[in-house]
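The values are calculated or read from the model by the stated rules, or taken from the named source; none is laboratory data. All values derive from a computational prediction rather than experimental measurement. A quick note on method: Cβ atoms are made from the backbone with ideal geometry, for glycine too, and the neighbour counts reach across all protein chains shown.
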Amino acid sequence: MITIPANLQAVNMRIASACAAARRAPTTVTLLAVSKTWPASAVRAAAAAGQRAFGESYVQEALAKQAELAELALEWHFIGPLQSNKTRPVAEHFAWVHSVERLKIAERLSEQRPAHLPPLNVCVQVNVSGESSKSGCAPAAAPALCRAIAALPRLRLRGLMAIPEPGADDMEKSVLARRRFASLRALLADMNAAGLALDTLSMGMSHDLEDAIIEGATIVRIGTAIFGERKHS
Ligand SMILES: *Cc1c(COP(=O)(O)O)cnc(C)c1O
């Protein structure tokens, strides 16, 4: 746990260097600390070091942590696969959902978002890796899905999210990741040209945040580099 503040500082420095290399202001990239599988005490340690946004993939686990940390002003992002029977707690307890891939899920989130909360920020997850990945909507389906979601009253469509498939070796990994990230950025640009006002590219994890930032990431989702290797999932 004592390493979390140092790890966070190192990640923030990686982000700053990548922004400098890409000639981007560091304030254009938000660090989402992915705390899935880690206890509330780990989140508390990161929060004490100044981290505010946390990403979770499992609903029950996230709700338990949120209850334990209720006195902290944290921003919770849901980034995992979302089944329709789990949309209500997500609509009630999160500020963002990055992993919307079907209209049905978005409609439920909109219906279930409590009136006293601001609209739920959502990203559409896009499968930029073709057949090697199962999650995310097909790129060709993304514009219509985004238009439909943008019309839902209790959601605020912010942009796109992707998890590129792992590459074979380091060199290929980086080339492949850049290509996937670039295709997500191009898709977002197409949609903005078609009249949507999207400001978010959620892409980049511990091993490829530099590639993602060069290609325009506005949120990087970092777990391992902050909290350490996960024992499972
Ligand atoms: C677990 C997870 C991350 C964090 O990955 P690391 O490699 O640990 O940084 C990012 N995004 C999603 C969607 C995840 O499920």
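Some notes on this structure:
- Segment 138-168, subset in contact (Cβ under 8 Å) with a residue 12 or more places away in the chain and within 15 Å of the ligand (Cβ to nearest atom), residue nearest to Leu196 (Cα to Cα): Gly159
- First in segment 20-44 and of a type in the set (Phe, Trp, Tyr), second anywhere and within 14 Å of the ligand (Cβ to nearest atom) and modelled with pLDDT of 95 or more, Cβ under 8 Å, 6 or more apart: Trp38/Phe227
- The residue pairs whose first member lies in segment 76-96 and is free of Cβ contacts under 8 Å to residues at least 40 places away in the same chain, whose second member is acidic (Asp, Glu) and within 14 Å of the ligand (Cβ to nearest atom), and whose beta carbons are closer than 9 Å, counting only pairs six or more residues apart or on different chains, are Trp76/Glu56; Phe78/Glu56; Leu82/Glu101; Phe94/Glu56.
- Residues of segment 109-128 that turn out to be among the acidic types (Asp, Glu) and within 13 Å of the ligand (Cβ to nearest atom), as a count: 0
- Residue that is surrounded by the fewest Cβ atoms within 10 Å (Cβ to Cβ) [pool: residues in segment 171-193 that are at pLDDT below 95 and over 18 Å from the mean Cα position of the chain (by Cα)]: Met171
- Boolean, Pro114 is modelled with pLDDT under 95 and in a loop (DSSP other than H, G, I, E, B): no
- Put simply, of Ile213, Ile219 the only residue that is of a type in the set (Val, Ile, Thr), over 17 Å from Arg158 (Cα atoms) and buried (at least 18 other Cβ atoms within 10 Å of the Cβ) is Ile213.
- Enumeration of residues in segment 207-233 that are near the ligand (Cβ under 9 Å from one of its atoms) and among the β-branched types (Val, Ile, Thr): Val220, Ile222, Thr224, Ile226
- Residue check for Met203: within 13 Å of the ligand (Cβ to nearest atom) and either under 25 Å from Ala148 (Cβ atoms) or among the β-branched types (Val, Ile, Thr) (or both): yes
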